[in-house]
1. Could you do me a favour and compute the accessible area per residue for the range A:7-75, 1.4 Å probe, result in Å²?
2. Accessible surface of residue A:28 in the full protein assembly, 1.4 angstrom probe, to the nearest 10 Å²?
3. Work out the mean other chain Cβ neighbour count within 10 Å for the residues of A:8-18 and drop it here as an integer.
4. Under a point-charge model restricted to the Cβ atoms of Lys and Arg (+1) and Asp and Glu (-1), what is the dipole moment magnitude of the protein assembly as shown relative to its Cα centre, in debye to the nearest 20?
5. Find the relative contact order for the range B:17-78 and round it to a whole percent, using C-alpha pairs within less than 8 Å whose residues are 6+ positions apart.
6. State to the nearest 20 debye the size of the charge dipole of the range B:89-188 about its Cα centre, where the only charges are +1 on K and R beta carbons and -1 on D and E beta carbons.
7. Just how much of residue B:103 is accessible, in Å², when a 1.4 Å probe is used and the result is rounded to the nearest 10?
8. Can you work out the FRET efficiency for the pair residue A:32 and residue B:75, with r the C-beta to C-beta distance and R0 = 51 Å, to the nearest 0.05?
Amino acid sequence: MTQDLRCEEVIEKLLEYLDRELDTETEHALARHMETCRACFTRAEFERKLRARVSEAGKAKAPESLRRRVRTIIEHY
Amino acid sequence: MTSIGTPLRAFFESEVERLLDRLYGTALRLTRNRADAEDLVADTLAKAWVKLPELRDRQAFEKWVFRILVNGFISERRKRQARPREVTAATTCGEDTFSLFEKVHQPFLLWWGNPEQELLDKLLREDIESAVEELPEEFRLVVVMIELWGLSYAETANTLDIPIGTVRSRLSRGRSLLQGALWRQAGEAGIAPGNAKGDAR
Ligand SMILES: [Zn+2]
């Protein structure tokens, strides 16, 4: 049986929680905490949405010149 | 005359089609210029195409090709700069725990509605792109690998050949810098509730 976490502990581990890098037990403890703590839940939602926005920055429409180069690569090797 | 069979080619073409915009976007964030980004993606895919028969697990293609891209970027960098870059000011000073949420989630703002959501909605794509590009390279790499490509800490450590503790600290610093940059930009654009002057503190 794990002890209940305090909000500060949740905040400290929050980003690793969202990265799915915590051990299962700690992950469950955070999930349980957030079922009942609106403040931490709100913060987690914000970080999650911000991350979704940031990950958009990893996508850009590839120009036609690049597409042509890629076709040439596939043809010639 | 080709040694690479047709099913492999079909697989490669469909994966490239699926991933090309992400590879190019990532390359843009890393190189910060279009011509270099194009070269990086073209070199990456040329290597991937040649080495594809060695890849046993096709499910792993996405992460595999992404690692080729990161390694290509790093070795290109090493060629261009004989000396390692000076440690930037951002690396050595400033707080390590800037939190956009804490800036926005202020009691005096909450009665307005939902300032966090408002900020997320109003941040422009370009703001986010330039905030990522502003990050010093060692932080940018880690943020891109974990936040943009969803690599694990262990995979990131492995690809960059650094200890996992270093990944954690660079990620945490990188995120903090990124959120600070977004807060500053939001202030400059007048979209940050409670940050009219663009003060990053
Ligand atoms: Zn809490």
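The values are calculated or read from the model by the stated rules, or taken from the named source; none is laboratory data. Quick caveat: nothing in here was measured; it's all calculated off a predicted structure. Every residue, glycine as well, gets a Cβ built from its backbone with ideal geometry; the counts of neighbours run over all protein chains shown. For the accessible areas, the whole protein counts, side chains as well, though only heavy atoms, and no ligand, DNA or RNA atoms are used. Shrake-Rupley method; radii C 1.70, N 1.55, O 1.52, S 1.80 Å.
1. 57
2. 100
3. What the average comes to for A:8-18 is 2.
4. About 880 debye.
5. 35
6. For the range B:89-188, the charge dipole is close to 220 debye.
7. 50
8. Step by step, r from the Cβ atoms, then E = 0.65.
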